[in-house]
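The values are calculated or read from the model by the stated rules, or taken from the named source; none is laboratory data. Since the structure is predicted, the reported quantities are computational estimates derived from the model, not experimental observations. Positions of Cβ are generated from backbone atoms using ideal geometry, with glycine treated the same way; all protein chains shown enter the neighbour counts. In case anyone asks, the SASA skips ligands and DNA or RNA and just uses the protein heavy atoms, side chains included. Shrake-Rupley method; radii C 1.70, N 1.55, O 1.52, S 1.80 Å.
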There are 2 protein chains.
Amino acid sequence: MAQERALPSVVERMWGREPVTRRGPRPRLNLAAITAAAIEIADAEGLAGVSMAAVAARVGVAATALYRYVESKEDLLTAMADAAAPLPPEPEGRTWREYLAVWTRTHRDILLDRPWLLSVAGSVPPMGPRRLLWLDRALASLDGTGLDDGEKINVASALTGYALTDAALVHAVAGGDPRMEEAGIKGAADYGEVLAGVLDPETYPALSAAMRSGAMRGAEGWMDDGDFVFGLDLLLDGIEALIRRRALEGHGGGE
Amino acid sequence: MAQERALPSVVERMWGREPVTRRGPRPRLNLAAITAAAIEIADAEGLAGVSMAAVAARVGVAATALYRYVESKEDLLTAMADAAAPLPPEPEGRTWREYLAVWTRTHRDILLDRPWLLSVAGSVPPMGPRRLLWLDRALASLDGTGLDDGEKINVASALTGYALTDAALVHAVAGGDPRMEEAGIKGAADYGEVLAGVLDPETYPALSAAMRSGAMRGAEGWMDDGDFVFGLDLLLDGIEALIRRRALEGHGGGE
DNA sequence: TTAAAACTATGAACGTCATACACAGTACGC
DNA sequence: GCGTACTGTGTATGACGTTCATAGTTTTAA
């Protein structure tokens, strides 16, 4: 039986494999141009501004013309999620730990720069050329550590996840939600203060104590850079421990 | 100056503080009933089925009546994200590590049970009674470890993030996207196989090698339970290292 | 007991959006 | 040069979130 497996058609286009056509007018557009326009809108107005009509207007065609290049708006978002990724950092002779730290931080910074990515990135497994390049570089940095391929992928997944959730949290606490600003909550300190007033110390003993002790207040407050490094080091320490364990187990191709 | 800080009105209602009214007809509904109906719909049909009209129909009022209890659909989603959380697991005399392992796994399983939560959970900082109860229990489990409150919160955040991204990944790879099934990609193994066919070994050396080596294939494939435990242990090992470090530094309240 | 006040739910209406479909125009193959 | 296959357009549709004026209901005050 012939293999039925293929890439979804958007993904095919993300890899530059636009269908070869012989007859008919030359296409005026291509997926990359459409995606770039959509990203510009998202950067300027957020995801809410990205309507098919708005994107089409920006590239100079009617709204329905986009459906020649994309099967649905979902497809467009998928393409955006990949195209928005810049090139991953260069290894430059760094150790795996140094490199993965930079890799994760850059990853997070990209998400903070483009908060709309947060709403899109988690939904689809990475299949585009840019995101997979990031994955490749993470795996490459772990060459010679003794981890097997599956473990390397898991490590990269965990770091990706950390970048994503840290960015989501920072964004949410620091002005991501207009309702918070309306309520006068402008940052982590306010957030903690309000919570401290609401929590019943009997049902929330540990949390209300933490809030009252001012864990969210001051210069060493919540969600500054130190907190990012903190969580990142948690993961990297765990990875380092694993690598050391593998090294002790012997370097053979064991089970 | 009087403190302007307050909770957004939905959040106020999530805490049971519905506004006290004296005159006029008794409200037929409350936020909890609306939220419960919305959750039932989301469980049955996914987030796409949750329209204001559908929710209103389920509780037996006109669509516009909901706006007496909620300022926007966003508000409703926020309330759903909190109400969907069950009670956190009980400590039952477990060590912090045992407890946080159960806590994180349960957290992830909830997200897999209700994939629609994935699209909602990351957007807003937890401010509702249920989600904060989870946070409280995580902090409580770290009592006596020598970590300060800020560190405890960071630990809980990192674990929350891990639960979230692991669930998102499992969901995405295993049937979360109808486009994948259309393309004949039914699981991680197919995913790996297709990628192996697309990747150019020169630009993606590490990744294409991993795919060709079959890292995603077979019983020890991608995204089974072992992979969840793998990443979780990474984090827990890191936390354990931190706790040990703190214990050595001395038990005083020093910086 | 009555009148005003305050609040609830309703129905109709609006603007926006994603998308389907039939059509007109265009370039290539024969 | 004719047919074919493909591209972009215009129109239309149905769903959705939300606004607003209104009718109806319960409580307060006289």
Report the local net charge at B:Pro201: Lys and Arg +1, Asp and Glu -1, summed over other residues whose C-beta lies under 14 Å from its C-beta.
-2
Sequence order, the range A:129-141: Karplus ³J(HN,Hα) from phi using 6.51 cos²θ - 1.76 cosθ + 1.60, θ = phi - 60°, Hz rounded, Gly and Pro as x, gives x, 6, 4, 5, 5, 4, 4, 4, 5, 5, 4, 4, 5
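Quote the Stokes-Einstein diffusion coefficient, in whole µm² s⁻¹, for the range B:164-236, based on the Kirkwood radius over alpha carbon pairs, a temperature of 25 °C and a viscosity of 0.890 mPa s. Write down the numbers at each step before the final one.
On the way: Rh = 13.2 Å.
Answer, rounded: 186 µm²/s.
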25 Å Cα-Cα reach of A:Lys73 towards lysines, excluding residues that sit fewer than 8 places from it in its own chain:
B:Lys73, B:Lys186
Cα pair distances of the range A:1-63 binned at 10 Å [whole percent]
19, 37, 31, 11, 2
What GluC sites (Glu not before Pro) in the range B:145-243 are in a loop by DSSP, with at most 14 other Cβ atoms within 10 Å of the Cβ?
B:Glu202, B:Glu220
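Any chance you could tell me what percent of the C-alpha pair distances in the protein assembly as shown go past 36 Å? Display every interim value, and only then the final one.
Details: 45743 of 129795 pairs.
Of all Cα-Cα distances in the protein assembly as shown, 35 percent exceed 36 Å.
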Inter-copy label distances at B:Ala189, 7 Å along the Cα→beta-carbon direction, one decimal in nm, shortest first?
5.7
Distance between Cα centroids, the range A:152-199 to the range A:65-79: provide it in whole Å.
31 Å
Using only DSSP helix segments of four residues or longer, with each worth -39500 (n - 2.57), what per-residue ellipticity at 222 nm results for chain B after dividing by its residue count and rounding to 500?
-18000 deg cm²/dmol
Counting Lys and Arg as +1 and Asp and Glu as -1 over every other residue whose Cβ sits under 15 Å from the Cβ of B:Glu98, the net charge comes to -2
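Going from the alpha-carbon gyration tensor of the range A:64-126, what semi-axes, largest first and in whole Å, does one get by taking the root of 5 times each eigenvalue? Intermediate values should be presented prior to the final figure.
Numbers: eigenvalues 184, 28, 16 Å².
Taking √(5λ) for each eigenvalue gives 30, 12, 9 Å, largest first.
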Calc'd 3J(HN,Hα), the range A:71-84, phi into Karplus 6.51 cos²θ - 1.76 cosθ + 1.60 (θ = phi - 60°), Hz, glycine/Pro = x, comes to 7, 6, 5, 3, 4, 4, 4, 4, 5, 4, 4, 7, 5, 6
Efficiency of FRET between B:Glu90 and B:Leu29 - r from beta-carbon atoms, R0 35 angstrom, step 0.05
0.60
Reachable aspartates and glutamates from A:Lys152, criterion Cα separation under 13 angstrom, eight or more residues apart if same chain
A:Asp136, A:Asp143, A:Glu240, B:Asp227
Residue of chain A nearest the A-to-B rotation axis [by Cβ], rounded angstrom distance:
A:Gly238, 2
How much length is gained if the chain between A:Asp200 and A:Ser51 is pulled fully straight, taking 0.36 nm per residue apart and subtracting their Cα-Cα distance, in nm to one decimal?
49.2 nm
Farthest toward positive dipole pole in chain B [+1 Lys/Arg, -1 Asp/Glu at C-beta], among B:Phe228, B:Leu133, B:Thr203:
B:Leu133
Residue by residue through the range A:166-171, what is 3J(HN,Hα) from phi via Karplus (6.51 cos²θ - 1.76 cosθ + 1.60, θ = phi - 60°)? Round to whole Hz and write x for glycine and proline.
5, 4, 4, 5, 4, 5
Between copies, how far apart are the B:Ala57 label points? List them in nm, one decimal, shortest first, with each point 7 Å from Cα toward Cβ, please?
3.3
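How long are the three semi-axes of the equivalent ellipsoid of chain B, in whole Å, if each is the root of 5 times an eigenvalue of the C-alpha gyration tensor, listed from largest down?
Values: eigenvalues 285, 187, 41 Å².
So the three semi-axes of chain B are 38, 31, 14 Å.
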May I ask you to give the solvent-accessible area per residue for the protein assembly as shown, in square angstrom, as obtained with a 1.4 angstrom probe?
49 Å²
So which GluC sites (Glu not before Pro) in the range B:74-105 pass both tests, a DSSP loop state and at most 11 other Cβ atoms within 10 Å of the Cβ?
B:Glu92
Average projection area in nm² (convex hull over Cα atoms of the range B:37-180, one quarter of hull surface)
9.8 nm²
Where the label is 7 Å out from Cα toward Cβ, how close does B:Arg246 come to the same position in every other copy, in nm, shortest first?
2.9
